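Here's the structure, in structure tokens; my notes come after.
The values are calculated or read from the model by the stated rules, or taken from the named source; none is laboratory data. Model, not experiment: these values are computed from the prediction. For neighbour counting, all protein chains shown are included, and Cβ atoms are generated from backbone atoms with ideal geometry for every residue, glycine included. All accessible areas refer to the heavy atoms of the entire protein, side chains included, with ligands and DNA or RNA removed. Shrake-Rupley method; radii C 1.70, N 1.55, O 1.52, S 1.80 Å.
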Amino acid sequence: MPGRRSHVSPSAAQGELAAALADLRVELDVPDGFPAEVLAEAEAAASATPPPAIDRRDLPFVTIDPAGSEDLDQALHLERRDGGYLVHYAIADVPRFVRPDGAVDREARGRGQTLYAADGRVPLHPPVLSEDRASLLPDVDRSAFLWTFELEETGAVVGTRLERASVRSRERLSYPEAQARIDAGRGDPLELLREVGLARIQQERDRGGASLNVPDEEIVRTADGGYALERRRLLPVEDWNAQLSLMTGMAAAELMLEARVGILRTMPGPTDERIAAFRTQTVALGHPWSDAIGYGEYLRGLDRDDPASLAIMQAAAGLFRGAGYEAMDGKAPADPMQSALAAPYAHVTAPLRRLVDRWGLVVCEALGSGREVPRWARDSLHELPSLMGASSQRASRLEAGSVARVEAAVLSDRVGERFAATVLEMRGDDAVIQLVEPAVTATCPAAAGVQAGGRITVVLQHADIRAGTVGFSAG
């Protein structure tokens, strides 16, 4: 779906922004390249690893990712069966290429996840693995963790199998390409993704979960090598595709909980006080949350183009806090739930880009085949929550710092101008605002009578690219 894009100009601002982004990397100790021993070990593993015994190259898998992606973690193939569906979901077999406690493993533990900076991606693994031999690229044979799900027509899972297999993707599609294929309605097998995705979304509604297709703000590179902010609404196919990943993560959590070994992605439910406060906010914003419908269903029903809805979504983000990882070996966590999904859940579908998924896949494959969990994985489970916590903190700071600096650059030549804005929330005497155009979120002192959900006019007072700050006053 087309979005609104705001470019950085003039060229002087581009140069200052590039320097500010480079300084941010240094400040956050973002890795730059890979040590020679890591690259050498990755090259050797990529050339020496034999394929698995099970051969499922007969299945015409496709991948669906952002345009230009090379690190392809997942591939899918869907079939209609009497009374339901058969879903094949292949996940990149990163553990096959990473020797426990080897150079690649140690480097990945220090990184935790792939980092996405405005001035370039910082991969978790060397490109020979993440963008080549371990990636599910089209028209090449790959080893994968192959999940097979039997679904009823309602989307309910009635059978699950996990095995290591050779697979071969036939096509690499971007989200817009996949959406166009599905919308064409010409009997393309990919059209089953809409049916399965919608059925799984209904399963989520029935559970009371709320994974939401909300507007996204991202930094994009322009044709001239500069930067721009783009605010867009996610395509429906992105939501349908995400449901396959969520389904897989929930199946993995069930396997690990039954055996009481593994690592879960958890998030506590909102307190009664937070729920009550949120209900009060929805009333004040003119869209009261009725007791008759669930949280997720209420949010899905909001008009995303209504300024008050933006404020409600901002407030809703504060309901669920405290997401983290819970390792277990012999005893399940007291609260294993990922409350926003209303189900136990584990990260197992992005091993090229997230460290913890490698453990989840190895544990689940062993449990599913009736074998002992490898000792290296079991012994190091307890390390993962802190490793992933540190990594997530750095990723959040990098993302926020990058966005702040690009926002300042976008506005750098517009000091003194007036802008229309929506008030997302009040913080004491300040208002958190989102400009209608360009795609910038900031704070400013609020005039008397300003409330969340309202539209106001503000004046830009300063924009500091190096610091990543902008200042507004009520206008």
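Given points 7 Å out from each Cα along the Cα-Cβ axis, report the ASP32 to THR49 separation in nanometres with one decimal.
Using points 7 Å along Cα→Cβ, the separation is 2.9 nm.
Report, to the nearest 10°, how far helix 384-411 tilts away from the longest principal axis of the Cα atoms in the chain, using its own Cα long axis and a range of 0 to 90°.
With rounding to tens, the tilt is 40 degrees.
Determine the shape class of the stretch 383-475: with a ≥ b ≥ c the square roots of the Cα gyration tensor eigenvalues, call it rounded for a/c under 1.5, and otherwise prolate if a/b is greater than b/c, oblate otherwise.
oblate
Tell me, what HN-Hα J-couplings in whole Hz come from the Karplus equation 6.51 cos²θ - 1.76 cosθ + 1.60 at θ = phi - 60° for each residue of the stretch 344-354, using x for Gly and Pro?
So the Karplus estimates, Gly and Pro as x, are x, 7, 9, 8, 9, 10, 9, x, 5, 10, 9 Hz.
Compute, for the stretch 405-475, the length of the dipole vector about the Cα centre, with Cβ point charges of +1 (Lys, Arg) and -1 (Asp, Glu) only. Units Debye, rounded to 20.
40 debye
For a distance above 20 Å, tell me the whole-number percent of Cα pairs in the stretch 60-122 that qualify.
Roughly 51 percent, rounded to a whole number.
With every protein chain left in place, what is the accessible area per residue of the stretch 397-475 in square angstrom, probe 1.4 Å?
That works out to 43 Å² for each residue.
I'd like the carbon and sulfur percentage of the solvent accessible area for the stretch 358-475, probe radius 1.4 Å, heavy atoms only, ligands and nucleic acids excluded.
Heavy-atom surface of the stretch 358-475 belonging to carbon and sulfur, 1.4 Å probe: 47 percent.
Roughly how big is the stretch 347-450's charge dipole about its Cα centre, with Cβ charges of +1 (Lys, Arg) and -1 (Asp, Glu), in debye to the nearest 20?
It comes to approximately 400 debye.
5 Å is the cut-off here: which amide hydrogens, built 1.01 Å from N in the peptide plane, fall below it relative to HIS462, excluding neighbours closer than 5 in sequence?
HN-HN under 5 Å from HIS462: GLY471.
Out of residues 5 or more away from ARG164 or on other chains, whose amide H comes under 5 Å of its own, with H placed 1.01 Å from N in the peptide plane?
Close amide H contacts, sequence-distant or interchain: LEU146.
Pull up all non-local amide H partners of ALA431: gap of 5 or more, or a different chain, and H-to-H distance under 5 Å with H placed in the peptide plane.
Under 5 Å from the amide H of ALA431: CYS444, ALA446.
Can you pull the three principal axis extents for the Cα set of the stretch 106-191, in Å, largest first?
Per principal axis, max minus min of the Cα coordinates gives 44, 31, 26 Å.
Rounded, prolate or oblate for the stretch 165-279? Axes are the square roots of the Cα gyration tensor eigenvalues, ordered a ≥ b ≥ c, and the cut-off for rounded is a/c under 1.5. Intermediate values should be presented prior to the final figure.
Details: a/c = 1.69, a/b = 1.23, b/c = 1.38.
The shape class here is oblate.
Counting heavy atoms of the protein chains only and a 1.4 Å probe, report the per residue accessible area for the stretch 169-295 as a whole number of Å².
Here the per-residue accessible area is 46 Å².
Expressed as a whole percentage, what fraction of the accessible surface of the stretch 148-224 belongs to carbon and sulfur atoms when a 1.4 Å probe is rolled over the protein heavy atoms?
In the stretch 148-224, the share of accessible area belonging to carbon and sulfur is 44 percent.
Over the Cα atoms of the chain, what Rg and Dmax result, in angstrom?
23.3, 70
Could you give the size of the charge dipole of the chain about its Cα centre, using +1 on the Cβ of each K and R and -1 on the Cβ of each D and E, expressed in debye and rounded to the nearest 20?
Computed charge dipole of the chain: roughly 220 debye.
Lys/Arg Cβ at +1, Asp/Glu Cβ at -1, dipole of the chain taken about the Cα centre: which of THR266, LEU398, GLN434 is farthest positive-ward?
With unit charges placed on the Cβ atoms, the residue in question is THR266.
Evaluate the distance, in nm, between pseudo-label points positioned 7 Å from the Cα of THR443 and of HIS462 along their respective Cα→Cβ axes.
Distance between the two pseudo-spin positions: 1.6 nm.
Rg/Rh for the stretch 95-249 to two decimals, with Rh computed the Kirkwood way over all alpha-carbon pairs.
0.99
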